[in-house]
Structures are given as C-alpha cells and as structure tokens.
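One structure is given here, and the rest of the page talks about it.
The values are calculated or read from the model by the stated rules, or taken from the named source; none is laboratory data. Because the structure is a prediction, the values reported are computed rather than measured. Note that we place each Cβ from the backbone using ideal geometry, even for glycine, and neighbour counts take in every protein chain shown.
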Amino acid sequence: MREIVLHDTRSGELLALNPRDPGRVGVYACGPTVYSRIHIGNARPFVVFSLLKRFLQHEGYEVDLVVNVTDVNDKIYDAARAQGRPSAELAVEMTERYRADTDALGLGRPDHEPLASETIAPIVDYIQALIDGGHAYAADGDVYFRVRSDPSYGSLSHRQLDSMDQGEGKWDPTHPAERKQDPLDFALWKAHKEGEDTTWDAPWGSGRPGWHIECSAMAEQFLGVGFDIHGGGSDLVFPHHENEAAQTRAARGAELTRLWMHNGMIQFTGEKMAKSVGNIAPLHQVLEDHGRDAVVMYLISGHYRQPLAYSEAALEQAQANVKRVREIARKLGPGTTVHRNPEDERQLVSFRELFFQALAQDFNTPLALAQLWEWIRAAGQLGVKGDQDLAEMLEVLGLEGLLVPDEQAPQAVRELAEEREQARVRRDFTAADALRDEIAARGWEVRDVAGGFELIPL
C-alpha cells in the first residue's frame, strides 16, 4: 500500500494514515440535521467522504463509513411548529428526501446511517458515565458538561478557553432560571419544554439529548473509541467537534478519533452557503439543472479543505469537462488499454501514478484531475485504444458513468442525419445547416467523421 497522508485539524499537520486495525479504516462523518431539503453545500461532505472511501478501497483497505442523521434538534422543532405538523413526521420526511437527493449523486450509501432518535439508550448511558465521573451535572432536568473538567478542551479548535461561546444563550448566574454553573458548559440533555412534541425518559428527567452527545454516542456505537478519521464541514470544528472530543476524553479517557478531517464550505457571494442565511441552492434542483456527473465534477474541482465558490459558470465548466471526458472515452472504446510502444506506455503510466499519488497527498482531487487531463491529452495524441486505465481513475472519482455508452439516437434523428449527409454530398449546405439545427433541437449533435457521421447527445 502506498503511504496516504491527510491533514489533521487538531495538530495542523499532515499525518500518515495509520489505522487502528491494520488494513481497516473507520470513518465517521457528520451528516445533516433534517429540518428541510439539503443544499449543495450539504452535499460536499457526502461526496468528499464517499470518494475518500472509494480511494481507500482502491488502495486495498476495508472501509467502514458512518454518516449520521440528526433527527432530534431545536431546528426541527422550530420548522415543524412553523408548518403546524409533528416534528417526528417532518424529520422522517426530510430524512427520506435527504436519502433520495444523495442517492441521485450515484455514489452509493454509507455503510451505516444511524439516527439520533434510535440511539437514545446509548446516549443516556454516555451521559450517566459523564455524571458519575464528575464531568457533568444535572440541574432541574437538564444535564450539562463541565468544560473546565477537561484540561485539553480547545485543543481541536485552538481557541482560548474564556473566549468561547457555546451559542446556548447569554449566561446570567443571578437569574433564578439559570441552570449552568459556568458559561462554558454545554447541554448534554435538555428537559422537556412546552411546544416540544418528542421526549424520552432518563434518570434525571424526561427530555431529549443535546446535539453534541448524539454524535459521540453514534460514532462509538459503530466504530468504537480511537477510530481513524472523523470528518465534517469546517463550520463544525467549534463547538460541535470540540465538544464531541471533550465528551469522549472525559467519559472514556481516550481520544475519540486519531485524525480530524474537515472540508471547506461552499460559498455563495462570498459567504458560506447556509439555510439560516437563505443563500442556498437545493441539491435536487442543482442535479436537475446540471446532471449528477457535472455536480460531482464541480464538487471535486477544488481541494476539499478550501472554500469552493458556487456559480452557474462553475457548473457550466463542470458540464464542459464531463463532455470532454465522454468524448475521449468514446474514442478509446471499451477494453484493456493498448499502447503502440513501451515509451507511450511509460508516459501514460506515469500520469496514472501521479493521479493516485495526488489523492494520497491529502486527497488532492484538483491535482488528481490535472493528471487525468494530462492522461487524456496524451492518450489522444498517442492514439491509445481501450478505456481500462481511464475507468480505474474515473471510478475513484465517482465518474465511472462517463464510460457508459450513450443511448442510441432515435430513428427519426438518424433519418435527419442521413438527409443531412445526402445534402452535403449534393453541396446543398443551406439544407445541411437547417437539418443540423433541427437535429440539435431534438437534443443531438451531428458530427462529420471519416466515412459518414456520428450523433452525440447534447
């Protein structure tokens, strides 16, 4: 196996992948909170970690990919209340839509997709362990994590302890309803409140889990403690992932994961794309407008750690790149890649090796794409036949569908193309141009080739 290095947010360094269990990699990536349809920004981590799994499998590893669904959350209660419907009903519907929208990406499903609502018992056990260890305390039905009990708190987000804000409202120790002992503390369990229509029993009172403890419990349930890679968007580093890490250190005396891997945000007019901001492009709409291949091509066009600008121009460029790959695949034809001589083979093998080496160096998909384009350019110049090597690279990028032969043109379109061919023979170029335009209006491009024509879907 070649050495694979990935950027670790906690250390700020590139670390060699060294699986806890030799030959097997455990990956946990935070999934969506299901209160509405997901947008293309939500799709980025789904694509990044689905493709990372493919690459690791290509390199010979077995991979367990876990992507959770947060279906118990304040945002779900708020959205359901605004719609006048039960929160559980909304969560079920949006979970189904999330799965349908990500199915349309054509990358397969994660190995496990746990729901917070189905993990309550492990969550309660986890909280009890924190209370028993003195790292958490119950207060009028709520339970809070005692942040100052973890000496390593802040080691992931690299923030000063006293400058942190958990985003749980202003702390007022003089107010009789204030339950926190310290403004840094965060909720592990929330007592049932009026207007919340789901609740579970726990030793400290009826209520529901906080957000951060859900992921600690779900990750440990499927991957244990000290698994290999924990991923998610960079907006989750603090407080979500910082709190996950603290909970596990306090409850288990060990780090939750060996490596923290965070993807950058999709940016729309300079800001991160977010439902709360309102600058979103729903994934299902983007897929409908541009096609899944172009969407995947767009999402891998930038390095996963960097922000990625969203624009119609970027999607149109991705569509053009998809078309370019389809064209070279059509020329290569199916089968084993055949080279004319050893020198040609060495050149193409070099580009292929550089492609996979780019992915091994912090999963650098734009650099890998650059090597793919070099391979395509050289293959065209050298007259290579057979798409096997190209297929190997495209499969890792989730673009193997570009090798599937296009559908045959309808008979009516072929007849128009035959008419056009006859008009060209007669040198009636006005009629030929008109027929070409009619063919295009039916969704096909006619190209003149040696011995006749070929029809390419637009």
### Summary
Per the filter on segment 425-446, residues part of a helix (DSSP H, G or I) and acidic (Asp, Glu) are Asp433, Asp437, Glu438
## Note on the structure
Out of (1) closer than 18 Å to Arg340 by Cβ; (2) crowded, with 20+ Cβ neighbours inside 10 Å, the one Leu402 does not meet is (1)
### One residue from Val384, Val425, Val413 being at pLDDT below 90, in contact with a strand residue (DSSP E or B) (Cβ under 9 Å, 6 or more places away or on another chain) and of a type in the set (Val, Ile, Thr)
Val413
### Message
One residue is enough: does segment 68-78 have a residue meeting the conditions touching a strand residue (DSSP E or B) at 6+ places or on another chain (Cβ under 6 Å), among the aromatic types (Phe, Trp, Tyr) and either surrounded by fewer than 16 Cβ atoms within 10 Å (Cβ to Cβ) or not assigned by TED's automatic domain parsing to the domain that holds Leu394 (or both)?
### Response
no
### Query
Taking Arg414, is it part of a loop (DSSP other than H, G, I, E, B), more than 26 Å from the chain's Cα centre (by Cα) and touching a residue at least 40 places away in the same chain (Cβ under 8 Å)?
no
### Task
Being among the polar types (S, T, N, Q) and in contact with a helix residue (DSSP H, G or I) (Cβ under 6 Å, 6 or more places away or on another chain) is the filter; apply it to segment 363-381 and report the residue that is surrounded by the most Cβ atoms within 10 Å (Cβ to Cβ).
Gln371
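Yes/no per residue for (1) of a type in the set (Asp, Glu); (2) over 25 Å from Gly60 (Cβ atoms); (3) out of contact with any Lys or Arg (no Cβ under 6 Å at 6 or more places or on another chain):
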| residue | (1), (2), (3) |
| --- | --- |
| Leu348 | no, no, yes |
| Asp362 | yes, no, yes |
| Leu372 | no, no, yes |
| Arg377 | no, yes, yes |
| Gln408 | no, yes, yes |
| Glu415 | yes, yes, yes |
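Residue by residue, here is whether (1) part of a helix (DSSP H, G or I); (2) of a type in the set (A, V, I, L, M); (3) within 16 Å of Phe145 (Cβ to Cβ); (4) touching a Pro at 6+ places or on another chain (Cβ under 9 Å) holds:
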site: Gln181; (1), (2), (3), (4): no, no, yes, yes
site: Leu188; (1), (2), (3), (4): no, yes, yes, yes
site: Glu196; (1), (2), (3), (4): no, no, no, no
site: Trp204; (1), (2), (3), (4): no, no, yes, no
site: Ile213; (1), (2), (3), (4): yes, yes, yes, no
site: Met218; (1), (2), (3), (4): yes, yes, no, yes
site: Phe222; (1), (2), (3), (4): yes, no, no, yes
site: Val225; (1), (2), (3), (4): no, yes, no, no
site: His230; (1), (2), (3), (4): no, no, no, no
#### Entry: Subset of segment 306-362 (residues that are surrounded by 13 or more Cβ atoms within 10 Å (Cβ to Cβ), of a type in the set (Asp, Glu) and over 27 Å from Pro457 (Cα atoms))
Asp344, Glu345, Asp362
### Task
Say whether the condition of being at pLDDT 95 or above, in contact with a Lys or Arg (Cβ under 6 Å, 6 or more places away or on another chain) and either among the small types (Gly, Ala, Ser) or outside the structural domain of Val63 (by TED's automatic domain parsing) (or both) is met by at least one residue in segment 220-240.
yes
#### Entry: Yes/no for Pro86 being in contact (Cβ under 8 Å) with a residue 60 or more places away in the chain, surrounded by fewer than 21 Cβ atoms within 10 Å (Cβ to Cβ) and in contact with a helix residue (DSSP H, G or I) (Cβ under 9 Å, 6 or more places away or on another chain)
yes
## Note on the structure
Per the filter on segment 342-360, residues over 15 Å from Trp375 (Cα atoms) and in contact with a helix residue (DSSP H, G or I) (Cβ under 9 Å, 6 or more places away or on another chain) are Leu359, Ala360
### Query
Within segment 20-27, is there a residue that is crowded, with 20+ Cβ neighbours inside 10 Å, under 30 Å from Glu93 (Cβ atoms) and assigned by TED's automatic domain parsing to the domain that holds Ile213?
yes
